[in-house]
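Quick notes on the structure that follows.
The values are calculated or read from the model by the stated rules, or taken from the named source; none is laboratory data. Please read these numbers as outputs of a predicted model, since none were measured by experiment. Cβ atoms come from the backbone with ideal geometry, glycine included; neighbour counts cover every protein chain shown. The accessibility values were calculated without ligands, DNA or RNA, using every heavy atom of the protein model including side chains. Shrake-Rupley method; radii C 1.70, N 1.55, O 1.52, S 1.80 Å.
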Amino acid sequence: MSAEKNGIKEKQELIRKLKKEKGAVILAHTYQSPEITEIADIVGDSFALASKCAALSEKTVIMCGVRFMAESVKILAPEKEVFLPAPSATCPMAEMISPERVHEYKMQHPDSTVVAYINTTAALKAECDVCVTSSSAVKIVSQISSPEILFIPDKNLGAYVQKVLPDKNIVLWDGFCPVHNGITAEDILAAKAKHPEACVAVHPECRPEVTALADMIGSTAAIIKYAEASEKPVIIGTERGVVDGFLSREKGSEGKYIYLCPERLFCRNMKKTTLDTVIDTLEGKGGESVTVDEELRIKAKKSIDAMLRMG
Ligand code: 13P
Ligand code: SF4
């Protein structure tokens, strides 16, 4: 075993020990690196993380992900202490619209329903009617009957929902995920030319011209399920954590069935959480205990509760 691998194993052992001593639970998004997902108690997409947190018995939660994920846990389970090991890990898309702008829109369009992707700040969630995740967006929007739906902030996820539900009148905001929006149709066509035997699975945060080339469009968890079941090789268009995690579980088939497209796909915010930041958090030397103003929390909880009910 290399010295580096050995160091990783030792750090992971230390985390397991500290976690037990502190009575903490570790949640990790699937975009985290394999060394983080290996020490997590729950690994999942945004919907899984939000829906499982309230039932946990542990009072301390370490959220290996980005800020809105830690905020969502705090909104749903305020009695828990929720730590973000890398306090600067934010999602740029979460702030691509201001709460004031949403409020103004609602005043001008009183008959519309505001749907917010869960990748938003607590202040934005407090202004909207219902939250969605990539895995629940179609199901939830299909249940909304208002004449107009404002979908914030991701224009690509909103456009995907509109395509699946042509009868809905969806107004799109101009936000996007810099990672998924960076995948181009040319990237997919080049990967298909290189691996003509493969099928293509992409995240709905990708541009419409990219989703149009895909055999499957789904959330992080759905892509993993699809790749695991696929008899054919799969070209995957989402953050590299999905591919790295898959390959680390499927030892021996490295690079054989799964291709990341394009290879540069990397969310630098998701990768700010490291074993060292988790150790520092558990030792009380780092991380941030995330707080949400109580008035804001109660308002924001309504939209997450609506998501959990409808999704
Ligand atoms: P999901 O976890 O819903 O697939 O979303 C992906 C994402 O970009 C999270 O930041
Ligand atoms: Fe935000 Fe995109 Fe990173 Fe997810 S992958 S945290 S949406 S920037």
Taking segment 47-65, which residues are within 16 Å of ligand 2 (Cβ to nearest atom) and in a loop (DSSP other than H, G, I, E, B)? G65
Does S230 satisfy the condition of being at pLDDT below 90 and more than 20 Å from the chain's Cα centre (by Cα)? no
Verdict on A89 being in contact with a helix residue (DSSP H, G or I) (Cβ under 6 Å, 6 or more places away or on another chain), within 16 Å of ligand 2 (Cβ to nearest atom), under 27 Å from K11 (Cα atoms) and aliphatic (A, V, I, L, M): yes
Residues within segment 265-301 that are over 30 Å from D129 (Cβ atoms) and either of a type in the set (K, R) or in contact (Cβ under 8 Å) with a residue 60 or more places away in the chain (or both), tallied: 19
Considering only residues that are in contact (Cβ under 8 Å) with a residue 40 or more places away in the chain, in contact with a helix residue (DSSP H, G or I) (Cβ under 9 Å, 6 or more places away or on another chain), open to solvent by less than 40 Å² (accessible area, probe 1.4 Å) and of a type outside the set (A, V, I, L, M), which ones fall in segment 185-224? D187, H203, P204, E205, C206, T211, G218, S219, T220
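Can you pull out every residue in segment 93-135 that is among the aromatic types (F, W, Y) and either buried (at least 24 other Cβ atoms within 10 Å of the Cβ) or under 21 Å from E294 (Cβ atoms) (or both)?
Of everything in segment 93-135, just one residue is among the aromatic types (F, W, Y) and either buried (at least 24 other Cβ atoms within 10 Å of the Cβ) or under 21 Å from E294 (Cβ atoms) (or both), namely Y117.
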Within segment 178-200, is there a residue that is touching a Gly at 6+ places or on another chain (Cβ under 8 Å), of a type in the set (S, T, Y) and more than 26 Å from L124 (Cβ to Cβ)? no
Is at least one residue of segment 151-165 open to solvent by less than 70 Å² (accessible area, probe 1.4 Å), within 16 Å of ligand 2 (Cβ to nearest atom), in contact with a strand residue (DSSP E or B) (Cβ under 8 Å, 6 or more places away or on another chain) and among the basic types (K, R)? yes
If you go through segment 254-311 one residue at a time, how many are open to solvent by less than 20 Å² (accessible area, probe 1.4 Å) and away from ligand 2 (no atom under 16 Å from the Cβ)? 11
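Taking the options D215, D244, name whichever one is modelled with pLDDT under 90 and among the acidic types (D, E).
Working: D215 fails: modelled with pLDDT under 90.
Sole residue among the options that is modelled with pLDDT under 90 and among the acidic types (D, E): D244.
Which is open to solvent by 10 Å² or more (accessible area, probe 1.4 Å), within 14 Å of ligand 1 (Cβ to nearest atom), at pLDDT 95 or above and hydroxyl-bearing (S, T, Y), of T60, T90?
Testing whether each residue is open to solvent by 10 Å² or more (accessible area, probe 1.4 Å), within 14 Å of ligand 1 (Cβ to nearest atom), at pLDDT 95 or above and hydroxyl-bearing (S, T, Y) leaves just T90.
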